[in-house]
Amino acid sequence: MREYLFQLLESGGGELTGEVILLRLAVSAVIAGFLFLSYRLSHSGSIYSAKFNVSLVALTVITTTVMIVIGNNLALSLGMVGALSIVRFRTAIKDSRDTIYIFWAIVVGICCGAGDYLVAAAGSAVVFLLLLLFGRIRTDNRALLILRTARVNESRVESLFFQYYNRKAVLRAKNTTDESTEYIYELNGKYLRKPAGEKAAGRSITDAVYEIGGIEYFNIVMQNDEISG
């Protein structure tokens, strides 16, 4: 039995017998399990979607099934492409890495459906290691500092932000009226927690802003590249 399985794996399956079909589906399911594990390890918190992870496993097996059906039949493959072209996918991608996993699932399905088990296994092993090493890289949060004050305080506000953050706080917008001015600064989150200026020691930016006087509001909005579902 073991020799028979090795022979099927080495030959790519040959004719589409019941054993070959089951073998291709089984191999794709096993590799999809590693894909499932990789996604779980590289995503955490609100960005992790269990439903999407399960969908990746199903997508791998479904792609394998489609490849088995198509085989070497050109007419059938063109008909399948035409049928799939009318399907419109509108699933929101929560993380740019999700695109990698979608393509990974499709490629594994194609390889297993064609009987190229070695290519599917070797490629998946390399991708698994790369995502395991670099999958937990996070973009630092950005903060928007939104402040509205009387126009007479313009110079004091601009001087205060320069003292606290030097050139780390980038002025994105400055809206003015006859009586008031609104500032929108963009700042890396780590500088918000640890101001760069020497005069900022022991005093938060919020306390310093309201000491100016005439402040209508001061809001701090955190941003990042992750879209919560």
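What the table shows:
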item	result
Selected residue [at pLDDT below 85, assigned to a helix (DSSP H, G or I), among the aliphatic types (A, V, I, L, M) and within 16 Å of Ala121 (Cα to Cα)] from Leu8, Leu76, Leu84	Leu8
Pairs with Cβ under 7 Å, 6+ apart, first in segment 147-166 and more than 15 Å from Glu216 (Cβ to Cβ), second part of a strand (DSSP E or B)	Phe161/Tyr185; Tyr165/Leu187
Residue within segment 152-159 that is at pLDDT below 85 and either at positive phi or more than 29 Å from the chain's Cα centre (by Cα) (or both) present	no
Within segment 96-121, tally of residues that are touching a residue at least 60 places away in the same chain (Cβ under 8 Å) and of a type in the set (S, T, N, Q)	1
Among residues of segment 164-185, those that are part of a loop (DSSP other than H, G, I, E, B) and of a type in the set (Ser, Thr, Tyr), counted	1
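The values are calculated or read from the model by the stated rules, or taken from the named source; none is laboratory data. Only a predicted model underlies this, so the values are computations on that prediction, with no experimental measurement involved. In this analysis, Cβ positions are derived from the backbone assuming ideal geometry, glycine residues included, and neighbour counts consider all displayed protein chains.
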